[in-house]
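All remarks here apply to the structure that follows.
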Amino acid sequence: MNQKNYLTASYQAMFTQCEKNNRIAFIPFVTLGDPSFEQSLEIIDTLVVAGADALELGIAFSDPVADGPTIQASTIRAIKNGTSPTRAFELLEKIRNRHPNIPIGLLVYANIVYRKSIECFYKKCNELNINSVLIADVPLKEAEDFEAHALKHRVDPVYIVPPGITDEKLRLIAQRSKGYTYLLGRVGVTGTHKTVVMPNQELVQKLSQFGAPPAVLGFGISTPEHVNAARESGVKGVISGSAVVDIIEKYLEDLPLMKNRLESFIRTMVDSTYYADDLINADKALDL
């Protein structure tokens, strides 16, 4: 892997380890503070113990335009239960103390970053060893100021590659992304959908040729079949958000059962990240 594509070492170490294990990375998403501060911490502990390779965490915002109804509902629960951006960073500090080595990325909206100042936001991210930030509502052409502060504070700026992108814009994203490159599984908002559009191998190969960090596929990843198809497309990881948050919503009144269902889902999805040869060898070993 090309060192210049990484500002911090955490994602590089993760992808290298996954490659050694002949698999791709699995990254779950949850909203910080959903359904409450204390339960959110327990949920994130569960995700890590179950085998998550990294975490993508959202800070609740009142107008999450890139999110579908499931994640919108999670932000409403978090805000209702008092999770302000300040409280979200308090929770992040506890998460980082408990899990010092796992890569942590934030998916946020620009208003959250602007709230105190761009400088203050990225400085706090650096203090807590937050590894990356993706700002969902800031296009590449308007991201220079955010990116400058991210680089100053050694936080990887992550950019989204939408379907149908031109080679010119793809090259720009490849040059400016750090940590990983976020590919969309489809156009629209987040959500669990049976149909996820896998990137063609040519797109993934072009990103590599242009010097981009490893490609990770998100939006709609909710089944082992999605993970299998993503792996075959050549991406190096997948992000699953709405499917994880949907489990939280279904079991709001029963935290132990919620954690059990989350652990089962994460383990099943992680099992799907292995390339076929390793799965065959594992099956043979179980038969002995």
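Annotations for the structure displayed:
- Within the accessible area of the chain (1.4 Å probe), percent carbon and sulfur: 51 percent
- Semi-axis lengths, Å, region 1-133, gyration tensor of Cα atoms, sqrt of 5 times eigenvalues: 25, 18, 14
- Answer label, with Rg/Rh (Cα atoms, Kirkwood Rh) calculated from the coordinates and candidates (1) 0.99; (2) 1.02; (3) 0.94: (3)
- Average accessible area per residue (Å²) across the chain - probe 1.4 Å, nucleic acids and ligands excluded: 45 Å²
- Volume per residue of the convex hull around the Cα atoms, evaluated for region 133-252, comes out as 114 Å³.
- Our summary gives region 135-237 a relative contact order of 25 percent, counting only alpha carbon pairs under 8 angstrom and 6 or more residues apart.
- Looking at the chain, the DSSP beta bridges with both ends there are about 5 percent antiparallel.
- For the residues GLY220, GLY51, GLY164, a GNM of the chain with alpha-carbon springs under 10 Å puts the largest fluctuation on GLY164.
- Which listed pairs, of LYS141/LYS206; LYS80/LYS236; LYS116/LYS152; LYS80/LYS250, have C-alpha distances above 25 Å, in listed order: LYS80/LYS236
- Once C-alpha pairs closer than 8 Å and six or more residues apart are averaged by separation and normalised to the residue number of the chain, the relative contact order reads 23 percent.
- When the chain is treated as a GNM with alpha-carbon contacts under 10 Å, the residue of VAL158, VAL238, VAL113 showing the greatest mean-square fluctuation is VAL113.
- For the chain, built as a Gaussian network whose Cα springs stay under 10 Å, the top-fluctuating residue of SER132, SER272, SER264: SER264
The values are calculated or read from the model by the stated rules, or taken from the named source; none is laboratory data. These figures come from a predicted structure and were not determined experimentally. Areas reflect the complete protein model, heavy atoms only, side chains present, ligands, DNA and RNA absent. Shrake-Rupley method; radii C 1.70, N 1.55, O 1.52, S 1.80 Å.
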